[in-house]
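Scroll down for the structure; my scribbles are underneath it.
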Amino acid sequence: MSESNNILYIQDDNGVYLEATTDEVVQGARRKLRRKFRKGKAIRSPKDTEDFLIAELATEPNEIFCCLYLDNRHRVIKFDRAFHGTIDGTSVYPRVIVARALTLNAAALVLAHQHPSGVAEPSQADERITQRLKAALELVDVRVLDHIIIGGDTSVSLASRGLL
């Protein structure tokens with residue numbers, strides 16, 4: 001892609017440059033960020049993680065609760081869209097996440113979900129499920145590094161707010 005006069009272009013199979021659609025730009029960003037978070041890659045920074053999650057979740061019309069499973073050196077094992085909900089919530093089952101973490105032999109994970117409303121501010125329910133998941137995962141020696149909430153193109157880290 002190149003940029004000229006604030007218009008992004010994408011090259012088609014014949015080498016012709018065409019104006020890129022919003023979906024093509026978003027998909028391109030997702031592909032680039034997924035390369036950073038493929039299996040075996042180490043998590044480099046909270047900012048990279050937030051950028052990845054924004055690209056993955058910001059445009060979803062319904063709430064999706066995800067887990068980024070990591071090994072003991074914070075290398076990616078798997079990104080999992082664990083639970084799908086509605087426009088204003090999703091049910092999250094700690095036993096499912098604990099079982100998945102054990103199956104994947106994860107040592108740590110980052111929790112994430114998006115608010116389709118576009119407001120990233122955590123609710124009391126978000127804080128409660130984070131504490132329930134943290135307590136359940138501690139029983140099997142899996143650390144919760146963060147719970148990141150996405151709202152449009154912004155994010156809130158519960159760890160940075162001292163809620164973990």
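The values are calculated or read from the model by the stated rules, or taken from the named source; none is laboratory data. Model, not experiment: these values are computed from the prediction. Note: ideal-geometry Cβ built from the backbone for every residue, glycine included; neighbour counts use all protein chains shown.
Under the condition of being farther than 24 Å from G162 by Cβ and at pLDDT 95 or above, the residues counted in segment 107-136 number 0. Restricting segment 111-164 to residues that are within 22 Å of E56 (Cβ to Cβ) and of a type in the set (S, T, N, Q) leaves a set whose member that is surrounded by the most Cβ atoms within 10 Å (Cβ to Cβ) is Q114.
Close Cβ contacts (under 6 Å, 6 or more residues apart or on different chains) running from residues in segment 71-88 that are on the phi > 0 side of the Ramachandran plot to residues that are surrounded by 14 or more Cβ atoms within 10 Å (Cβ to Cβ) comprise H74/I43.
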